[in-house]
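Asker: Before I ask anything, here is the structure I am working with.
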Amino acid sequence: MIARAKRLDQIPPYLFGEIAALKRKAIAEGRDLIDLGIGDPDQPTPGSIIDALAEAAHNPETHRYDETNAGWTPFLDAVATFCKNRFGVDIDPQTEAMLLIGSKEGLSHLAWAYIDPGDISLVPDPAYTVYKVNTLMAGGEVYTMPMFEDNGFLPDFKKIPEAVAQKAKLLWLNYPNNPTGAIAPLSFYEEAVAFAKKYNLLIVNDAAYSEVYYDDYRPNSILEVPGAKEVSIELHSLSKSFNMTGWRIGFAVGSAEAIATLNKLKSNLDSKQFPAVSLAAAHALLHGDNKKTLELYTRRRDILCNGLRELGWDVKTPKATLYVWARVPEGHTAMTFSRLLLEEAGVLVIPGVGYGEYGEGYVRMSLTVMGDKNGERLQEAVERIAALHLFGK
Ligand SMILES: Cc1ncc(COP(=O)(O)O)c(C=O)c1O
């Protein structure tokens, strides 16, 4: 056997394995599972975006390698227009924006572009696992920033020891947040930018959920903070914004220096995306409308959160993201409670501990439910949980 690279041993154990095995078993037994696990839009990509792809795919120019610096001009121009219209942020499309093959790709490669062995990343916990895993694979060290409910799941920069802050290179943030559904006020971003300037850090702000919002709330961009561009790169994704997870398209905006650094690495790793996909994404950014999907998520969110609260489960209603993050009842761990719901109610939720040690005691429920037309599957999930009489009602 040829030994694999040692860096792969840095990948922490896959904690969703047990739930995945129970899911397979339930499906094999023919049980009707309500899967609140994966955060992948169940609704199709809007038709006008598919039409834009079809039209672009008929242009033979799109069939060749993308030999531009950072993406086709119509795409980068659309990115800049989107940032201006949505956040009031000015982006130079040629130096402060670049195409990504989905935001996961950009996030992973930022760690590889910046982290040398021994370098420190400041990583929130619980969090999307990509920030930590890629820091570790690149030989870096992770300093964990715990996110607590009583601080709105925002990291407390004052708790980071001076020596750690001095040595750290990257500060990872993600709002609206997966898995907690937390949001960041602009004042938090102001604090983060001041902290990054003081300690010469690059902020990587993962804004994958910036367009999944409810009611009157609209998430901010960190780039709205004056001077943020000097120390921040923000990653956006078409995946959740326009139901395009399979298309693999996103973008980075912000510090021209960080964009050039990431691009230097990427130009030696990949050859960007099928340009027709980027032209369809440009159409989505300029004309896309995901209002109907957001209305459906809102309905599902309200059925789930109100329904569970009526049972006596203290569940908070998120203002953004696809996720409801809730504390498990006394006497349970995230894993025992997830197993109970799966085995006794046929409802699949994700144990929070899969997102880090500070996710222990919580479960994540996603609002993307295959086969749900108008919230009826969420209603059914509430009724099945009610039948277990777990919360005293
Ligand atoms: C917080 C967060 N960031 C980034 C991503 C990656 O999204 P994509 O690579 O599809 O743009 C995800 C996907 O679930 C996510 O939850």
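Asker: I'd like the chymotrypsin sites (Phe, Trp or Tyr not before Pro) in region 13-121 restricted to DSSP loop residues with at most 10 other Cβ atoms within 10 Å, sorted by number.
Answerer: Sparse-neighbourhood loop chymotrypsin sites (Phe, Trp or Tyr not before Pro): 14, 65.
Asker: Quick one: compute the contact order of the chain, relative version, from alpha carbon pairs under 8 angstrom and 6+ residues apart, as a percent.
Answerer: Value for the chain: 24 percent.
Asker: Over region 8-144, what is the relative contact order in whole percent, taking alpha-carbon pairs under 8 Å and six or more residues apart?
Answerer: Here the relative contact order equals 19 percent.
Asker: Still on this structure: Would you mind ranking 236, 283, 63 so that the residue whose beta carbon has the fewest other beta carbons within 10 Å leads the list?
Answerer: Listed from fewest to most nearby Cβ atoms, that is 63, 283, 236.
Asker: So for 83, 305, fewest C-beta neighbours within 10 Å to most, what's the order?
Answerer: So the residues, fewest neighbours to most, are 305, 83.
Asker: In whole Å, what is the distance between the alpha-carbon centres of region 50-106 and region 334-393?
Answerer: If you average the Cα positions of each part, the centres end up 38 Å apart.
Asker: Any chance you could give the angle, 0 to 90 degrees and rounded to 10, that helix 103-114 forms with the longest Cα principal axis of the chain?
Answerer: 60 degrees
Asker: Counting only DSSP beta bridges with both residues in region 47-287, tell me the antiparallel percent, nearest 5.
Answerer: Around 35 percent of the beta bridges assigned by DSSP in region 47-287 are antiparallel ones.
Asker: Across region 81-89, in residue order, what do the Karplus-derived ³J(HN,Hα) couplings come to in whole Hz, using 6.51 cos²θ - 1.76 cosθ + 1.60 with θ = phi - 60° and x for Gly and Pro?
Answerer: 5, 4, 5, 5, 5, 7, 10, x, 9
Asker: Could you work out the longest stretch of the chain that avoids the GluC sites (Glu not before Pro) located in DSSP loops with at most 10 other Cβ atoms within 10 Å?
Answerer: 68-329
Asker: For the chain, report the translational diffusion coefficient in µm²/s to the nearest whole number, using Stokes-Einstein at 10 °C, 1.306 mPa s, and a Kirkwood Rh over Cα pairs.
Answerer: Numbers: Rh = 21.9 Å.
Here the translational diffusion coefficient equals 73 µm²/s.
Asker: Another question, then. Taking 22 Å as the cut-off for C-alpha to C-alpha distance, list the pairs among 158/197; 25/316; 84/240; 197/266 that go past it.
Answerer: Checking Cα-Cα distances, 25/316; 197/266 exceed 22 Å.
Asker: Report, to the nearest 10°, how far helix 256-266 tilts away from the longest principal axis of the Cα atoms in the chain, using its own Cα long axis and a range of 0 to 90°.
Answerer: For helix 256-266, the angle is close to 80 degrees.
Asker: Using a Gaussian network model on the chain with a 10 Å cutoff between Cα atoms, which of 280, 260, 168 fluctuates the most?
Answerer: 260
Asker: Give me the dipole magnitude in Debye, nearest 20, for the chain about the Cα centre, with unit charges on the beta carbon: positive for Lys and Arg, negative for Asp and Glu.
Answerer: Using Cβ point charges on Lys, Arg, Asp and Glu, the chain gives about 480 debye.
Asker: Tilt of helix 291-310 relative to the longest C-alpha principal axis of the chain, in degrees (0 to 90, nearest 10)?
Answerer: Compared with the principal axis, the helix lies near 40 degrees.
Asker: Still on this structure, I have one more. Any idea what Rg and Dmax come out to for region 76-191 if you just take the C-alpha atoms, in Å?
Answerer: 15.5, 42
Asker: Quick one: Karplus J couplings for region 152-167, per residue in order, coefficients 6.51, -1.76, 1.60, θ = phi - 60°, nearest Hz, x for Gly and Pro?
Answerer: Each residue's phi maps through the Karplus curve to give x, 6, 10, x, 9, 5, 5, 7, 7, x, 3, 5, 5, 4, 4, 8 Hz.
Asker: Here's a follow-up. With each run of n ≥ 4 DSSP H residues scored as -39500 (n - 2.57), what mean residue ellipticity at 222 nm is computed for the chain after dividing by its residue count and rounding to the nearest 500 deg cm²/dmol? Provide the component values of the computation, followed by the final result.
Answerer: Details: 13 runs with 144 residues, N = 393.
That calculation yields -11000 deg cm²/dmol at 222 nm.
Asker: What full-extension length gain, to one decimal in nm, is calculated for residue 92 and residue 164 as 0.36 nm per residue of separation minus the Cα-Cα distance?
Answerer: Values: separation 72, 0.36 × 72 = 25.92 nm, distance 3.34 nm.
Going from the current span to full extension adds 22.6 nm.
All of the numbers you see were taken from the coordinates with simple rules; none came from a lab. Keep in mind it's a predicted model, so treat the numbers as computed, not measured. So basically every Cβ, Gly included, is an ideal-geometry build from the backbone, and we count neighbours across all protein chains shown.
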